[in-house]
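The values are calculated or read from the model by the stated rules, or taken from the named source; none is laboratory data. None of the values given here were measured: they were computed from a predicted structure. Virtual Cβ from ideal backbone geometry, glycine too; neighbours counted across all protein chains shown.
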C-alpha cells in the first residue's frame, strides 16, 4: 500500500510539473502570438506607407514631366519669337 501511495504521490508531482510546464508554454505562446500580431500589423502599415510613397512619387514624376513639357513648349515659342524678331530686324536693315 505504501508503494501505491508513493506511486500516487510521484504521479501527482509529475502532473504538477507537467501542468506548470504547460502554463509556461501557454504564456510563451501568448507572448509570441502578441509579437506576431504586432509584427503583422507593422508590416501591413509599412506596405501601406510604401504604396502611398510610390503613388506620391509617381504623381511628382508626372507633375515634373508636365512642367518640363510646358517649359520646353514655352522655350520653343520664345526661340521662335526671337527668330522672328531677328528676321524682321534683318529685313528692316536690308531695306
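Computed quantities for the displayed model
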item: Which listed residue is assigned to a helix (DSSP H, G or I), surrounded by 10 or more Cβ atoms within 10 Å (Cβ to Cβ) and either touching a strand residue (DSSP E or B) at 6+ places or on another chain (Cβ under 6 Å) or at pLDDT below 95 (or both), from 29, 7, 46; result: 7
item: Some residue of the stretch 68-91 being loosely packed, with under 10 Cβ neighbours inside 10 Å and out of contact with any strand residue (DSSP E or B) (no Cβ under 9 Å at 6 or more places or on another chain); result: yes
